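Comments concern the structure below.
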Amino acid sequence: MRNTYALNLVTEESVPLGKLLPIIEEAVKGGVTIVQLREKRSTGKCFYEKAKSVKALLDRYDIPLIINDRVDIALAVGAAGVHVGQDDLPLVAIRKMLPSSMIVGISTSTMEEAKEAEKNGASYIGVGSVFTTKSKADASLLPKGDLEKIAEAVSIPVVAIGGIGLDNMKLLPINKIAGVAVVSAIMKSENPYDAAIEFRKYLE
């Protein structure tokens, strides 16, 4: 059975569609198992058009599309789910808006947030930032050992996020977590296919 959350590709902000689609396709061919489309600065229309194109691509490979923050866009394009932060709509409210079959992920950085997320119906949690990251300037660093503690305290899948690259994968407790979320290490790679393959080697 495929682990949906093994290798999460989180897209970088505002990459033009003509450049974005080939990166995603190569990464998926290399082993990415789920894609989160993140567009915090785009207009609703632009985000929607991009999401529609990315979903059409991912459907060919049977890979789920997760929309960052925008529940309306996730519903509009028929995405597999949505990923939200602590300052977005509460999980309880989101669960009321979405079909029960849809994935709802939430970013967490403490034990309290993780347990609350599980209680309120999260499908999975993104836990971090595990390393320093340039992708999210306001992300605080997770204290050493907290990732393992959180993973042991909840029964839903835990995905490590934040500054993850091939150089620090070996520092993660791979056997305790469902997977990793990667941004720059794939998005900025000269060869997204090869990068994804290398990540999968660590995960397997």
* Asked: Among the residues of the range 7-51, which ones are under 18 Å from ILE197 (Cβ atoms), of a type in the set (A, V, I, L, M, F, W, C) and open to solvent by 10 Å² or more (accessible area, probe 1.4 Å)?
  -> ILE23, VAL28
* To do: Return the residue satisfying two criteria in turn: it lies in the range 52-68 and is open to solvent by less than 40 Å² (accessible area, probe 1.4 Å) and assigned to a loop (DSSP other than H, G, I, E, B), and of such residues it is nearest to ILE197 (Cα to Cα).
  => ILE63
* Asked: Before we move on, is GLU112 touching a residue at least 12 places away in the same chain (Cβ under 8 Å), in a helix (DSSP H, G or I) and surrounded by fewer than 21 Cβ atoms within 10 Å (Cβ to Cβ)?
  -> no
* Some residue of the range 109-123 being of a type in the set (D, E, K, R) and modelled with pLDDT under 95 -> no
* Structure fact -> Filtering the range 117-164 for residues that are of a type in the set (Asp, Glu) and surrounded by fewer than 17 Cβ atoms within 10 Å (Cβ to Cβ) leaves a count of 3
* Structure fact -> Taking first residues from the range 1-22 that are within 17 Å of GLY165 (Cα to Cα) and in contact (Cβ under 8 Å) with a residue 40 or more places away in the chain and second residues anywhere that are aliphatic (A, V, I, L, M) and open to solvent by 40 Å² or more (accessible area, probe 1.4 Å), the pairs with Cβ under 7 Å that are 6 or more apart or on different chains are none
* Return yes or no: is ALA79 in contact with a strand residue (DSSP E or B) (Cβ under 6 Å, 6 or more places away or on another chain), open to solvent by less than 20 Å² (accessible area, probe 1.4 Å), assigned to a loop (DSSP other than H, G, I, E, B) and under 20 Å from VAL159 (Cα atoms)? => yes
* Within the bounds of the range 26-33, is there any residue that is assigned to a loop (DSSP other than H, G, I, E, B), of a type in the set (A, V, I, L, M) and modelled with pLDDT of 95 or more? -> yes
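The values are calculated or read from the model by the stated rules, or taken from the named source; none is laboratory data. Quick caveat: nothing in here was measured; it's all calculated off a predicted structure. Here Cβ is always computed from backbone atoms with ideal geometry, including for glycine, and neighbour counts include all displayed protein chains. These accessible areas exclude ligands, DNA and RNA; they are computed on the full protein's heavy atoms, side chains included. Shrake-Rupley method; radii C 1.70, N 1.55, O 1.52, S 1.80 Å.
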